[in-house]
Amino acid sequence: MKRPEPTPDPVQRLQIRFGAAGPLKYVSHLDLMRVWERVCKRAGLPLATSHGFSPRPKIALAAPLAVGVTSGAELLDVLLTERVDLTSTLRRLSDELTPGLSIHEIRESPLKQSSLQSMLKAAEYVVEVPDPRPMDKWRTAIDALLAQDEIPWSHRRGKETKSYDLRKMVFDLDVAGTQDGVATLTMRLRNDEQGAGRPEQVVLALGATAEPTRIHRTAIELSSETVPA
């Protein structure tokens, strides 16, 4: 088998902050990566690729977005073999966006910067839950959860049951308000090599019996910065 031609080394790294909503709420992490590959190729970006017999574009998302969750603060790393102008690149990408995608910012980051995945620290969410409890009852439940040193927890993912300490996944938690039987919670959850907090599991730990009707990621926190929506 003939070896593929060597690909040029990257000369520029772009970091794209974007939102994912609408139909993308039901798209898997892998499919969202494919969406961005198509967008970048249609925009004519000189994408760097991996080596080997099946080269892939060197683009990577900071953190998987669970199916059913929307976001205004996702991060995408893109490595290029030629330098591009940020303003014109934003315009070209915007012309190719699929419904549900929105670009908030494009900036250049250091070429030798660590991967976004290795820099992950936490993620912030706004969660809406159908629940008749008033504010004071929610605050009591939140205070009780945060006061615990450990919360042994398990939930099923597909055919597997995952067991862990839920308390270690929760950095901050509050109730922003209640209206018409719906509570709005804000959460700052762990998202690093030790694990990723899941908002719907925190809701269960707070005693809610209904599933959240909305989970929206508002920020991704890296080891050196916070990327807000």
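Assorted remarks:
- Identity of the residue in segment 113-168, of a type in the set (A, V, I, L, M) and under 20 Å from the mean Cα position of the chain (by Cα), that ends up surrounded by the most Cβ atoms within 10 Å (Cβ to Cβ): A123
- Extreme residue, surrounded by the fewest Cβ atoms within 10 Å (Cβ to Cβ), among residues of segment 177-201 that are in a strand (DSSP E or B) and more than 17 Å from the chain's Cα centre (by Cα): Q179
- Listed by position, the strands (runs of 3 or more DSSP E) enclosed by segment 1-104 that each have at least 1 residues that are free of Cβ contacts under 8 Å to residues at least 40 places away in the same chain and surrounded by 18 or more Cβ atoms within 10 Å (Cβ to Cβ) are 59-61.
- Of the residues making up segment 25-57, those that are charged (D, E, K, R) and within 16 Å of the chain's Cα centre (by Cα) are K25, D31, R34.
- Flag if F18 is more than 30 Å from I215 (Cα to Cα) and not assigned by TED's automatic domain parsing to the domain that holds R190: no
- All conditions but one from (1) among the charged types (D, E, K, R); (2) in contact with a Gly (Cβ under 8 Å, 6 or more places away or on another chain); (3) closer than 16 Å to S71 by Cα apply to E128; the one that does not is (2).
- E105 being among the charged types (D, E, K, R) and in contact with a Leu (Cβ under 7 Å, 6 or more places away or on another chain): no
- Filtered residue count, segment 72-93, keeping only those that are of a type in the set (D, E, K, R), over 11 Å from I106 (Cβ atoms) and out of contact with any Pro (no Cβ under 8 Å at 6 or more places or on another chain): 3
- Here A205 qualifies as assigned by TED's automatic domain parsing to the domain that holds L145, crowded, with 16+ Cβ neighbours inside 10 Å and farther than 13 Å from P130 by Cβ.
The values are calculated or read from the model by the stated rules, or taken from the named source; none is laboratory data. The structure presented is a predicted model; accordingly, all values stated were derived computationally and were not measured. When we count neighbours, we look across all protein chains shown, and the Cβ atoms used for this are built from the backbone with ideal geometry, even at glycine.
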